[in-house]
Each structure stands twice: as C-alpha cells, then as structure tokens.
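**Student:** What follows is a structure written as structure tokens; I'll ask about it next.
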Amino acid sequence: MWRRVASLSPLVSSSKSRLLNQVQVAYGFNAWQMFSTQVLNPAEGGVSDSRRTPFVTFVLGGPGSGKGTQCTRIVETFGFTHLSAGDLLRREISSNSENGSMILSTIKEGKIVPSVVTVQLIQKAIETSDSNRFLIDGFPRTEENRIAYERVIGAEPDIVLFFDCPEEEMVKRVLNRNQGRIDDNIDTVKERLKVFAELNLPVIKHYSKKGKLYKIDGTGSEDEIFERVRPVFAALRYPVLL
Ligand SMILES: Nc1ncnc2c1ncn2[C@@H]1O[C@H](COP(=O)(O)OP(=O)(O)O)[C@@H](O)[C@H]1O
Ligand SMILES: Nc1ccn([C@@H]2O[C@H](COP(=O)(O)OP(=O)(O)O)[C@@H](O)[C@H]2O)c(=O)n1
Ligand SMILES: [Mg+2]
C-alpha cells in the first residue's frame with residue numbers, strides 16, 4: 001500500500017515529506033503511526049501518545065452551506081488546523097503548477113478535480129503541519145475522493161460534519177459571496193448543486209451508516225449555527241497539542 005503512496009507523491013518536496021515517504025516505503029508504517037516516531041521529531045525528544053493519531057474532521061455541505069465560515073469559528077475556539085480542499089486547489093492555480101489549467105477549467109465547470117491531485121495536496125498539507133487536529137473542508141466530494149484518501153492516508157476521519165442547508169439559501173449566499181471566485185455565478189452554482197446531490201450525498205450517507213456523521217442545521221445566523229457546532233467539539237476527546 002505504501003508503495004502506492006510513494007508513487008502518488010512524486011511532487012512532495014519538503015525534507016520532512018521525503019523522509020516520510022522513505023520511511024513509508026521502507027517500513028510500511030501508515031501516515032499516522034509515523035507522526036509518533038522519534039525519527040520524525042528528533043527535536044522534540046520523542047513524542048507522547050497524545051500525538052500518535054491526528055484527529056481528522058471532514059466538513060461537508062453544499063456550496064454556500066457555511067463550511068468555511070464555521071471552520072473559522074472552530075479554529076478560533078478549538079484550535080484545529082483548517083485545510084480547505086478548494087483553497088488548496090485555488091493555490092495550485094495561482095502558483096502556475098503543472099495542473100493549474102486543468103484545475104481552473106474543472107472549477108469553472110463546477111466539476112470535481114481528479115482525486116489523485118486533491119489527495120496529494122491534502123497529504124502534503126498534513127505532513128508538513130505540526131498540528132495534530134485537522135478540519136478538512138470540502139473533501140471528500142465524491143466516493144472516489146473518499147476511497148483515495150482512505151487508501152493514501154491509511155485512516156478514516158474521526159467525525160464528519162454536514163451542514164444541511166436549503167438550495168435556495170445556498171444559492172443566495174454564493175451569489176453574494178463577493179470573493180471574486182470564477183465559480184460563484186448562477187450557471188456554475190447550478191452544476192455544483194447537481195454534483196453535490198449526485199456525488200457528495202452518497203459520501204454523507206456512507207459516514208452516516210458508520211455512525212460518524214453530525215448533521216447540523218445550516219440555517220440561521222453564523223452565531224446560531226456555531227452554537228449547534230460547539231457541543232460536538234466540546235464533548236470530544238482528541239489529542240492535546242504538545
Ligand atoms: N449563517 C449564515 N447566514 C448568512 N450568510 C452566511 C452564513 N454563513 C456564511 N455566510 C456567508 O455565505 C457565503 C458562503 O459561506 P462559506 O462559509 O464560504 O460557505 P461554503 O464554504 O460552504 O461554500 C459567505 O459569503 C459567508 O460570509
Ligand atoms: N474535493 C474537492 C473540493 C473542491 N473541488 C473543486 O473546487 C471547487 C470549489 O470548492 P470549495 O470547497 O472551495 O467550494 P465551496 O463549497 O466552499 O463553495 C468545487 O466546486 C470543485 O470544482 C474539487 O474538485 N474537489
Ligand atoms: Mg468553502
């Protein structure tokens with residue numbers, strides 16, 4: 001399995017990531033176990049059990065359902081690291097990477113970027129972070145995304161949040177977002193809603209069946225919604241940052 005990881009990660013460039021891949025290939029550790037090895041954290045003089053397994057929350061919901069907004073609140077209150085799949089992809093476009101033009105046209109059409117690209121960006125962001133609790137926002141968007149992540153990372157998310165919001169409210173929010181995004185127009189939004197219903201709802205159902213899903217009413221003010229989110233995290237036991 002870790003040979004696959006290595007072949008999916010030819011562009012991983014930091015020395016820590018190179019070391020991770022070498023250890024993966026050599027010893028067949030999974031990514032989370034490796035966070036706990038002294039090899040990776042010599043400056044910390046070894047790692048306590050609390051770092052062993054990063055706590056991962058997937059944050060799902062249709063376009064404009066409030067994922068990014070609520071992630072910011074969770075970061076402020078509970079100290080998570082926010083990884084937005086959309087932001088990682090947009091960064092690839094701005095950095096003129098080899099996949100930039102493909103990503104741009106896919107986002108413009110409201111379609112889904114191939115998992116190999118998105119999972120690699122998420123993997124790299126996790127591996128180069130010192131954090132041990134992550135919000136992965138806008139991912140997985142499809143069953144293909146989900147399966148690729150679980151294969152590459154070697155773990156499932158701990159919990160999944162789903163912001164449930166009526167379509168007309170989502171459309172209103174997206175069209176008022178004003179961030180200059182090429183996909184915040186009525187035609188692309190219609191396609192994104194279709195893609196959400198066809199491809200993302202099955203992922204949400206999957207995690208519901210596994211008992212990992214927290215469905216949050218995504219209507220009302222940002223504060224009201226956060227008061228629905230807060231108890232989910234307040235009740236959790238997750239690793240404390242060292
Ligand atoms: N509860 C809310 N009520 C009204 N507008 C909201 C609410 N939450 C977020 N917004 C606004 O709606 C837009 C979409 O929110 P965002 O967090 O970017 O959603 P997503 O990441 O799910 O697409 C943003 O302009 C945001 O400021
Ligand atoms: N897992 C993902 C996440 C986003 N994307 C692309 O990026 C676009 C914007 O994603 P986003 O998460 O920033 O969008 P919002 O739901 O926040 O509006 C999506 O419509 C897809 O085209 C993707 O292909 N795969
Ligand atoms: Mg967003």
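**Student:** In sequence order, what are the phi-derived ³J(HN,Hα) couplings for the stretch 117-132 according to the Karplus relation 6.51 cos²θ - 1.76 cosθ + 1.60 with θ = phi - 60°, rounded to whole Hz, with x for glycine and proline?
**Tutor:** 6, 5, 5, 5, 5, 5, 4, 5, 5, 5, 5, 8, 9, 8, 6, 10
**Student:** Over 19 Å between C-alpha atoms is what I'm after, so list which of Lys108/Lys194; Lys111/Lys194; Lys67/Lys212; Lys67/Lys124; Lys67/Lys172 land there.
**Tutor:** Result: Lys67/Lys124 exceed 19 Å.
**Student:** Here's a follow-up. For a quick check: with amide H placed at 1.01 Å from N, whose amide H comes under 5 Å from Gly66's, ignoring anything fewer than 5 positions away on the same chain?
**Tutor:** Answer set, sorted by chain and number: none.
**Student:** Between His206 and Glu168, what is the FRET efficiency for a Förster distance of 35 Å, r being their Cβ-Cβ separation, to the nearest 0.05?
**Tutor:** Once the sixth-power term is evaluated, E becomes 0.85.
**Student:** Quick one: Cα centre-to-centre distance for the stretch 138-163 and the stretch 166-218, in angstrom?
**Tutor:** 16 Å
**Student:** Show me 177-185, 62-70, 204-212, 162-170 ranked by packing, highest mean number of other Cβ atoms within 10 Å first.
**Tutor:** 62-70, 162-170, 204-212, 177-185
**Student:** Viscosity 1.306 mPa s, temperature 10 °C: give me the Stokes-Einstein translational D for the stretch 84-184 in µm²/s, with Rh taken as the Kirkwood radius over C-alpha pairs.
**Tutor:** Result for D is 106 µm²/s.
**Student:** Per the Kirkwood treatment, what hydrodynamic radius in Å, one decimal, follows for the stretch 55-234 from the mean inverse distance over all distinct Cα pairs?
**Tutor:** 16.5 Å
Here, each number is a calculation from the coordinates, and none is a lab measurement. Because the structure is a prediction, the values reported are computed rather than measured. All Cβ positions, even for glycine, are placed from backbone atoms using ideal geometry, and neighbour counts span all protein chains on display.
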